[in-house]
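A short write-up of the structure that comes next.
The values are calculated or read from the model by the stated rules, or taken from the named source; none is laboratory data. Source: prediction; values computed, not measured. Neighbour counts run over all protein chains shown; Cβ positions are idealised from the backbone, glycine included.
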Amino acid sequence: MPAETFLVAAALLPFLGSVAAALLPRDARNAAALLAGVVTLASLACIGALYARVSAGPVVWILDWLPTLGVGLTLRLDGLAWLFAVLVLAIGALVVLYARYYMSAQDPVPRLFSFLLAFVGAMLGIVLAGNLIQLVVFWELTSVFSFLLIGYWYDNRAARDGARMALTITALGGLCLLVGMILVGRIVGSYDLSVVLASGDAIRSSPLYLPALVLILMAALTKSAQFPFHIWLPRAMAAPTPISAYLHSATMVKAGIFLMIRLWPVLAETDAWYWIVGTAGMATMLVGAWSAIFQHDLKGLLAYSTISHLGLITLLLGLNSPLAVVAAIFHTVNHATFKASLFMAAGIIDHETGTRDMRRLSGLWRAMPHTATLAMVAAAAMAGVPLLNGFLSKEMFLSEAVDNVGDHPVQLALPVLATVASAFTVLYSLRFIRQTFFGAAPHDLPKAPHEPVRWMRLPIEVLVLACIAVGLVPNLTIGPALLVAARAVFGGATPDYDLAIWHGVNAALALSMGALAGGVGLYLAFGRRINNNPRGGPWLMHRLDGGWMFERAMTGLVRGARWLEGALGATRLQAQLRTLFLVALIAGLSAVLAGGPAAVPSVPLTGIDPAFALLWLVGGACAVGAAERAKYHRLSAVILTGGAGLVGSLTFVWLSAPDLAVTQLLVEIVTTVLLLLGLRWLPKRDEAIVAPPDETRRARRRRLTDLVVAAAVGTGLAGLAYAVMTRPAPEGIARWFIEAAYPQAGGRNVVNVLLVDFRAFDTLGEISVLGIVGLTVFALLRRFRPAADSLERPRQQLRQEAADRAHADRAVGDTATDAMLIPAVVITWLFPFVCVLALHLFLRGHDLPGGGFAAGIALTIAFVLQYMAHGAQWVEERLRIRPIAWIGVGLLVAGVAGAVPWLFGRPFLTAAFQYAEVPVLGKIPVASAVAFDLGVVVLVVGASVLMLVALARQSLRRAREAAVEQDSRLETRA
C-alpha cells in the first residue's frame, strides 16, 4: 500500500471516529471508549508504519484546492511531524483508556469521546499541515474543540468560564497567526511549507519579517500559555482530568511549541527572535514555578508547573542555538510523559478520595501504594532526579544556559535564573510527594481511599515506564526518533549531541545538583509555612491569577464597546446607512483628489438615444414616486419600485446583456410578490393622526438629509461610471474571460461560465448565504408557533383544528383569488408551462441567456402563482414540498459536484464538458458544471419557497385570529 494512503488514513480516521461517536446513545460508554481506542490506535499504527519512509525524507500528499493561489490540502510527514504525531496519538490512546474508568456512568461519555477525537484530528492537522493556510485552519479548530472539551461539564460555572477564557485568548492568537502566515506567504511567494522552509534568508531579510514574526509569535505564545497569556491554562483545569492530562501534556499547549520549532529555521537566529522568545520563556518559567509552589489543589500545582516547563522549552528555542532546539524537542517529549502520568495520578486521587486539596490529603501511601509509587517516580522525573528522563533534558537545558552567557546583564543572569527555576521545580515536586503520600493517615475524606481498578492505572504505568526507560537507555529509546526529528529541522546542519547519562563533572551537572539541593533546602525551610498558608501564596499571587486579569481586560473591552456604541450607534437604519454612505463618499473623493486632475476622455461618448433617455426618465420617475408614495400608500410604492426594476431590466436588454435582464426580471417578480405579502404585517397608517410640529420638522430634516446623501452618492457613482466608460478598456481579466469561456469551460454564455466554473467557489458561498437567509426568515416568523401544550390535546380536537386551518387556508386562497384579474384555473394551468420555462432556462444557460439561478427563480414563480391562486395549503400539502430539505440537498449537490474532480486528481470545482445529441432536444452541452448549476436551482427554490411558506403560515394565523376575534364580538353582542 502506498505511504500516502497510510498518511491520509491517519489524518482522516479521528474525524470519522468523532462523527461515529456523536451518533452513539448517551449511555454507550463502553462502545464509545472502544471506538475511540480503536481509532487512535489505528491512526498510530498508520503513522508508525511510515517511520522507515520518513527516515529517508518527508512523505507528502497533495490535493489541489485553489492552485492558482497556491492553496491546497497538503499532508507533509517528516521526522518532526512524525515524533509529534506519535506523541499525540500514543498519549491519546492512553487517555481514552483512562477516561473510560474515570468518567461517571451518568456523564454523556460518547459526547466526550466525540469531542476528543475531533481534537485529535485537529491536532494532527497542525502537525501534518504542509500548507500555511491549512495550518491556520486546524490551529483554530484546536481552539474550538478545546473550548468544547474544557466546557464539557457546562452546568459548572468554572468550566464555562475556563472554556471562554481559553477560547478568547487562543482564538485571538489564531487571528494573528492568519495575518502572519499571509505575510510570510507574500514574502516567499508561496504558502507551501517546503518552499517556506527553504526561504529562510529571504524571510529574515524582508522588511515584513518583524511584523510577521510578532504576529506568529503572538499565536505561539498564547497557545503555549506563555506569560502574560498563561492565565487561561489554570482555569482550564475545570475540565475532566483526562482532558486536562491530554490538553496540557501532549497536545493543546504543545501546538505553540511545535509551531516555533517548525518555523525555527526561517524565523530564528535574529536579535528580535532572541529577545522576544527568550524573554517570554524566562518570565513564564519563573512565574509558573513560583506560582506552583503555593498551590493547594493538585491539578492547580500541575497546571502552573506545566506553565513553567513550557517556559523552559520556549527559553531553549529563544537561545538561537541548534543544540538548544534539540534539547527543547527532547524536553517536550519528556514533559509529555511525566506530566500526563502526574495528571492521571491526581485524577485517581480525586476519584478515589473525593478531594484534590493537599491540606486534607496525607498518608495515602498506606491505602494506595501502587498509585503513590507511580506518582512519586513521575514527580521525580519532573524535578530532574538522575536516572529519569527529566534529568537528561534538564541537564541539556542547564548546559545551554551556561554556553549562551553573554555580555548583557540578562545573559549573565541566565544560568542563575535557570538554576533558581529548577530549584523551585524540586520544591513543588517534593511538596507534591510529601504532602500527599506521607505523614499521618488520612481522615475526614469524602471517600475512603483505595487503589483504582487495574485498567485505570495501566496508562500511568506505561508512561512511568517510559520515563525510566528513557532515563536509563536514552540512545535505545528516544534517540533514533529524536535524531530524525532534528534532521527534519536542520537538514544537513544537524548539530552533534550526546544523550549519555554521564558526561563527567561539568558546570551543567553542578547546577543540576545545586538545584536539587536548593529545592530540598527550600522545602525544609518553608514547606510547613506554605502548607499552612490559607490564601495560597503572597499578595502578588492574586494579581497573577488568570481570572482577575482576564475579567479586568474583558470589562475594559465591554466598556469600550459600549462607549463606541453610544458614540456611533443609532436606533434607526437610515442613520447607519447615512454614515456608511458618507464614509464611502469621503473615501472616494479623497482617492480622486489624491490622484490629481482627471485625464481628458480618450474614448468618444456614444450619442444619447431619445428612446433610451425616455426609458430612464420613466425609471427615475418610478423611483422618486416610490420614495414619495411610501409615506401615504405602501402598495403603490411597491408597484412603483417594481417599475423601476423593470426599467433596469430593459436597460440590460438595451445594452446587450440579456442574461442579466432575464435574471433581473425574474427577481423583480418574486421580490415584488414577497413584499406585497409582507405589507400585510406592517401597522396600518392612520391618516387622522396629526404628528406634532417638532416631529414633523425633524422628519423633514431627515428626509432632506437622506435626499442630499442619495444625490451625492448617486452623482459619485455616475462619475465613476463615466470615468470607466470614457477610458480605453484595459487588456485584463474581462478579455481573458471572454476568450477562455468556450475553450476551457465549453460555454458561450460568459456570465454563466463565470458563475459555475471560473468563480464557482464564490457562487457556492453565495448560495450558502441565500440558504441561511431563508432559514433566518423562517426562524424569525416561527416565533408565533403554537404553545407546547397543544401537542398533548386529544386527537379529536387536533383533527378539528386541522379542519379549521384548512378552512382558513381556503378562505385566504379565495380572498387572494377574488382579488386577482386572472381566474385561478388559468393560473393552475400555468404551473407546468412555467416549469418547462425553468427547465428551458436551465438547459440553455451554458450557451445562451439563462442558468441555474434564473431557472430557480422561474420555478419559484410557479409556486408563488399557485399560492396566490390557492393559498398556502396547495404549496405545503398538495405538492408536499420540504423547502428545508431542498436547501440541504442543493448544498449537497453543489458540494459533491465540486468534490468529484478530486477523484480524477483535479482541483475542487474543476469542470469538464462535451456535447451530446439528445432526441427531440437536439445538441445540448453536457458539462459537469450542470450538476453544480442543478444544486443552485434546488437551493434557490428551497430558500424562496421557505420564505413563502413562512409568510403563508402567518397568513393562516392572522386569519384564525381574525375569526376568533369576530366570534368573540358576536358572543359579546349576543
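Here are a few things to note about the model shown:
- Within the set Ser244, Ser206, the sole residue that is free of Cβ contacts under 8 Å to residues at least 40 places away in the same chain and at negative phi turns out to be Ser206.
- Test: residue in region 780-794 that is more than 16 Å from Val936 (Cα to Cα), modelled with pLDDT under 50, hydroxyl-bearing (Ser, Thr, Tyr) and surrounded by 11 or more Cβ atoms within 10 Å (Cβ to Cβ): yes
- Residue selected from region 125-150 under the condition closer than 24 Å to Arg262 by Cβ and over 16 Å from the mean Cα position of the chain (by Cα), by the criterion surrounded by the most Cβ atoms within 10 Å (Cβ to Cβ): Val127
- Between Val583, Val600, Val505, Val558, the distinction of being modelled with pLDDT of 70 or more, more than 41 Å from the chain's Cα centre (by Cα) and among the β-branched types (Val, Ile, Thr) belongs to Val505 only.
- In summary, Arg235 fulfils each of the numbered conditions (1) basic (Lys, Arg); (2) under 28 Å from Ala198 (Cα atoms); (3) at pLDDT below 90 with the single exception of condition (2).
- Any chance Ala423 is surrounded by fewer than 24 Cβ atoms within 10 Å (Cβ to Cβ), under 29 Å from Glu461 (Cα atoms) and assigned by TED's automatic domain parsing to the domain that holds Leu301: yes
- Any hit, region 161-179, residues being farther than 18 Å from Gln134 by Cα, without any contact (Cβ under 8 Å) to a residue 60 or more places away in the chain and in a helix (DSSP H, G or I): yes
- Taken as a whole, the condition of being surrounded by fewer than 24 Cβ atoms within 10 Å (Cβ to Cβ) and out of contact with any Cys (no Cβ under 6 Å at 6 or more places or on another chain) does not apply to Phe119.
- Val214 passes every criterion in (1) in a helix (DSSP H, G or I); (2) crowded, with 24+ Cβ neighbours inside 10 Å; (3) in contact with a Gly (Cβ under 9 Å, 6 or more places away or on another chain) apart from (2).
- With respect to the stated conditions, Ala81 fails to be of a type in the set (A, V, I, L, M) and farther than 25 Å from Gly905 by Cβ.
- Number of positions in region 402-419 that are assigned to a helix (DSSP H, G or I) and surrounded by fewer than 20 Cβ atoms within 10 Å (Cβ to Cβ): 9
- Residues in region 901-917 that are of a type outside the set (A, V, I, L, M, F, W, C) and part of a strand (DSSP E or B): Gln914, Tyr915, Glu917.
- Top-ranked residue in region 438-457 [being assigned to a helix (DSSP H, G or I) and surrounded by 15 or more Cβ atoms within 10 Å (Cβ to Cβ); ranked as farthest from the chain's Cα centre (by Cα)]: Arg457
- Screening Asp201 on (1) assigned to a helix (DSSP H, G or I); (2) within 30 Å of Thr40 (Cβ to Cβ) shows it passes everything except condition (2).
- When Leu465 is tested against (1) closer than 22 Å to Leu94 by Cβ; (2) in contact (Cβ under 8 Å) with a residue 40 or more places away in the chain; (3) surrounded by fewer than 23 Cβ atoms within 10 Å (Cβ to Cβ), just one condition goes unmet, and that condition is (2).
- Residue match in region 251-262 (condition: outside any helix (DSSP H, G or I) and either over 31 Å from the mean Cα position of the chain (by Cα) or surrounded by 24 or more Cβ atoms within 10 Å (Cβ to Cβ) (or both)): yes
- When region 363-411 is filtered for residues that are among the aromatic types (Phe, Trp, Tyr) and either under 30 Å from Gly318 (Cβ atoms) or free of Cβ contacts under 8 Å to residues at least 24 places away in the same chain (or both), the ones remaining, listed by number, are Phe391, Phe397.
- Any hit, region 384-401, residues being surrounded by fewer than 16 Cβ atoms within 10 Å (Cβ to Cβ), within 25 Å of Tyr497 (Cα to Cα) and assigned by TED's automatic domain parsing to the domain that holds Leu361: yes
- Of all the numbered requirements in (1) at pLDDT 70 or above; (2) surrounded by 10 or more Cβ atoms within 10 Å (Cβ to Cβ); (3) of a type in the set (A, V, I, L, M, F, W, C); (4) farther than 30 Å from Gly439 by Cβ, Ala567 misses one, and that requirement is (2).
- Residue match in region 163-176 (condition: under 26 Å from Gly48 (Cβ atoms) and at pLDDT 90 or above): no
- Residue match in region 8-22 (condition: under 19 Å from Ser194 (Cα atoms) and among the polar types (S, T, N, Q)): no
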